[in-house]
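The values are calculated or read from the model by the stated rules, or taken from the named source; none is laboratory data. Model, not experiment: these values are computed from the prediction. All Cβ positions, even for glycine, are placed from backbone atoms using ideal geometry, and neighbour counts span all protein chains on display. Note: accessible area is taken over every heavy atom of the protein model, side chains too, but ligands, DNA and RNA are not part of it. Shrake-Rupley method; radii C 1.70, N 1.55, O 1.52, S 1.80 Å.
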Amino acid sequence: MASMMLNLGANPTTTSLPKTFVGAKVNPLIKVQSFGRVSMSIAVKASRFEGVTMAPADPILGVSEAFKADTDPMKLNLGVGAYRTEELQPKVLDVVKKAESLMLERGENKEYLPIEGLAAFNKATAELLLGADNPILQQGRVATIQGLSGTGSLRLAGAFIERYFPGAKVLISSPTWGNHKNIFNDSRVPWSEYRYYDPKTVGLDFDGMIADIKAAPEGSFVLLHGCAHNPTGIDPTPEQWEKIADVIEEKNHIPFFDVAYQGFASGSLDQDASSVRLFAARGMEVFVAQSYSKNLGLYAERIGAINVICSSPDVATRVKSQLKRIARPMYSNPPVHGARIVANVVGDPTLFNEWKVEMEAMAGRIKNVRQKLYDSLSVKDKTGKDWSFILKQIGMFSFTGLNKEQSDNMTDKWHIFMTKDGRISLAGLSLAKCEYLADAILDSFYHVS
């Protein structure tokens with residue numbers, strides 16, 4: 001583009017533009033800037049990304065960003081589901097440090113893993129889920145693929161459903177973890193909701209849940225939270241799990257478990273896997289996504305698995321081959337570090353027992369905080385309102401029953417950061433802050449409509 005020099009020191013009345021610029025059509029991509037009576041035209045190239053709009057902030061991860069920007073000394077981050085110590089600091093488990101030391105001592109390399117992941121991890125994670133002596137494992141009826149934590153494992157399953165069950169619908173609880181819908185939307189898998197939370201009782205709407213599962217098209221996938229339902233913390237009873245299994249069998253649905261908190265909810269690995277084992281023992285084919293973010297504190301390692309319990313070894317072999325085929329163009333193969341940690345911990349009896357002790361301690365701290373919050377609310381609330389639903393919930397979350405406006409008040413007035421659906425993470429609460437949180441909840445509940 002030809003350039004034009006202007007003598008800015010000259011008398012502005014004597015400065016003129018060349019005739020070629022006079023009366024020319026204005027190009028919309030030309031930006032005109034004026035300096036007194038002298039105009040300069042600057043070419044601005046339009047971006048190919050003009051049609052890309054700004055994405056909304058993530059409703060969960062955005063809470064942490066807002067928390068970091070707040071300078072109030074009493075602030076609390078109860079939004080993200082990550083464990084904190086009583087001093088509200090992140091925790092790396094001692095058993096994880098020992099497992100990593102073993103890896104350094106052995107001088108293990110950083111070569112690519114197979115598409116399906118680390119064999120020792122896949123064996124350990126399936127045994128942890130179903131029990132090491134489960135005949136299903138001995139019969140070779142489980143296809144296990146190491147995934148990128150729970151999210152990546154769910155995404156692999158979503159792609160598998162879209163490819164091999166075209167048009168099948170996934171039923172998702174209302175409410176559910178915020179990323180479930182995103183995962184199935186991006187997998188192009190249709191979904192609908194089944195009733196789960198009852199705001200009147202702040203408990204499980206079991207009748208509504210059963211009715212919606214019955215009403216769903218035959219052969220639907222039913223997404224179930226294996227334990228410590230997120231966000232409500234409300235789990236079915238053992239008797240209710242039996243009834244849920246009955247209905248899913250009657251309708252020829254396929255159960256799909258998301259197990260993100262095994263051992264972290266009750267403190268017992270076996271108890272927290274009882275729902276999955278119930279369905280598997282009935283001979284049902286089952287999808288199960290696993291994550292080790294919470295129970296081993298491996299949030300940043302992105303380590304998990306997708307397991308498909310099949311009717312025969314031959315089916316399991318074919319399912320695994322197609323899961324690998326999906327994973328290859330998606331991320332090629334998974335990372336090794338977190339997989340080795342899990343394999344070392346689960347595969348070593350001493351480390352495994354140490355892990356169970358640490359896990360029980362983490363679950364116990366959350367139970368203590370839950371009890372202290374209930375006690376504080378009960379003492380401070382003079383209306384006689386029953387807050388016992390807090391004690392009936394399990395895991396790191398509590399569904400307070402606060403609406404969006406009340407949740408906003410928690411943040412704007414009390415500097416307590418939480419998701420707008422009223423969910424709080426008790427893993428981010430200390431015993432020392434329970435009374436402060438109780439004051440904030442009571443103020444928001446009674447003074448904000």
Next on the checklist: Over 23 Å between Cα atoms: which of LYS181/LYS356; LYS380/LYS413; LYS294/LYS380; LYS75/LYS385; LYS200/LYS385 fall into that group?
Outcome noted: LYS181/LYS356; LYS294/LYS380; LYS75/LYS385
Item to check | Compactness of segment 201-272 - radius of gyration and Dmax, Cα, Å | outcome: 12.6, 37
Checklist entry - Considering only the other residues whose Cβ falls under 12 Å of the Cβ of VAL95, what net charge follows from Lys and Arg at +1 and Asp and Glu at -1? => result -1
Next on the checklist: For the chain, set up a GNM with springs between Cα atoms under 10 Å and report which of LEU118, LEU88, LEU154 has the largest fluctuation.
Outcome noted: LEU88
Checklist entry - Got a sec? What order do ASP381, ASP207, ASP348 fall in by accessible area at 1.4 Å, biggest, i.e. largest, first? => result ASP207, ASP348, ASP381
Next on the checklist: Are there any GluC sites (Glu not before Pro) in segment 92-142 that are in a DSSP loop and have at most 11 other Cβ atoms within 10 Å? List them by number.
Outcome noted: GLU111
Checklist outcome for this item: Ranking THR151, THR419 from most to least accessible area with a 1.4 Å probe gives THR151, THR419
Checklist entry - Quick one: how many Å² of ARG318 are accessible to a 1.4 Å probe, rounded to 10? => result 130 Å²
Item to check | Extreme residue, positive dipole direction of the chain, given options PHE397, PRO56, THR237 (C-beta unit charges) | outcome: PRO56
Item to check | Dimensionless Rg ratio for segment 153-239, taking C-alpha atoms and the 2.2 N^0.38 Å reference | outcome: 1.10
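Treating only the Cβ atoms of Lys and Arg (+1) and Asp and Glu (-1) as charged, compute the dipole magnitude of the chain about its Cα centre; round to the nearest 20 debye.
Roughly 1880 debye, rounded to the nearest 20.
Computed from the mean reciprocal separation of all distinct C-alpha pairs, what Kirkwood hydrodynamic radius does segment 213-342 have, in Å?
16.0 Å
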Checklist outcome for this item: Ratio for segment 320-430, C-alpha Rg to 2.2 N^0.38 Å, reads 1.56
Next on the checklist: Taking amide H atoms as placed 1.01 Å from N in the peptide plane, list the residues 5 or more away in sequence, or in a different chain, whose amide H sits under 5 Å from that of VAL222.
Outcome noted: LEU171, ILE254, PHE256
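Which percent of the accessible area of the chain is formed by carbon and sulfur heavy atoms (probe 1.4 angstrom)?
54 percent
With only Lys, Arg, Asp and Glu charged, each at its Cβ (+1 for the first two, -1 for the last two), find how big the charge dipole of segment 215-299 is about the Cα centre; round to the nearest 20 debye.
240 debye
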Checklist entry - ILE136: accessible area at probe 1.4 Å, nearest 10 Å²? => result 10 Å²
Checklist entry - So who's got an amide H within less than 5 Å of the one on GLY147, skipping anything under 5 residues away but keeping other chains? H placed 1.01 Å off N, in plane. => result GLY304, ALA305, ILE306
Next on the checklist: Under 10 Å, Cα contacts only: if you run a Gaussian network model on the chain, which one of LEU148, LEU113, LEU373 comes out with the highest mean-square fluctuation?
Outcome noted: LEU113
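Can you give the accessible area per residue of segment 79-182, in Å², using a 1.4 Å probe? Write down the numbers at each step before the final one.
On the way: 4840 Å² over 104 residues.
For segment 79-182, the solvent-accessible area averages 47 Å² per residue.
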Next on the checklist: About the Cα centre, and with charges only on the beta carbon of Lys, Arg (+1) and Asp, Glu (-1), how big is the dipole of segment 303-449? Nearest 20 debye, please.
Outcome noted: 580 debye
Checklist entry - Using a Gaussian network for the chain with springs between C-alpha atoms less than 10 Å apart, which of these wobbles most: ASN230, ASN344, ASN182? => result ASN182
Checklist outcome for this item: Counting only residues 5 or more apart in sequence or on a different chain, those whose built amide H sits under 5 Å from that of TRP191 are VAL170
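Where does the chain land at 222 nm, in deg cm²/dmol rounded to the nearest 500, when only DSSP H runs of n ≥ 4 count, each adding -39500 (n - 2.57), divided by all residues?
-13000 deg cm²/dmol
Give the ranking of LYS123, LYS294, LYS385 by solvent-accessible surface, highest area first, calculated with a 1.4 Å probe.
Output order, biggest surface exposure first: LYS123, LYS385, LYS294.
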Item to check | Neighbour-limited loop hits for trypsin sites (Lys or Arg not before Pro), segment 40-101 (at most 12 other Cβ within 10 Å; DSSP other than H, G, I, E, B) | outcome: LYS45, ARG48
Checklist entry - What shape does segment 121-172 have by the C-alpha gyration tensor, where a ≥ b ≥ c are the square roots of the eigenvalues, rounded means a/c under 1.5, and otherwise prolate means a/b greater than b/c and oblate the rest? => result prolate
Item to check | segment 98-192 - Debye-derived log10 I(q)/I(0), Cα point model, q = 0.18, 0.22, 0.23 Å⁻¹ | outcome: -1.01, -1.14, -1.17
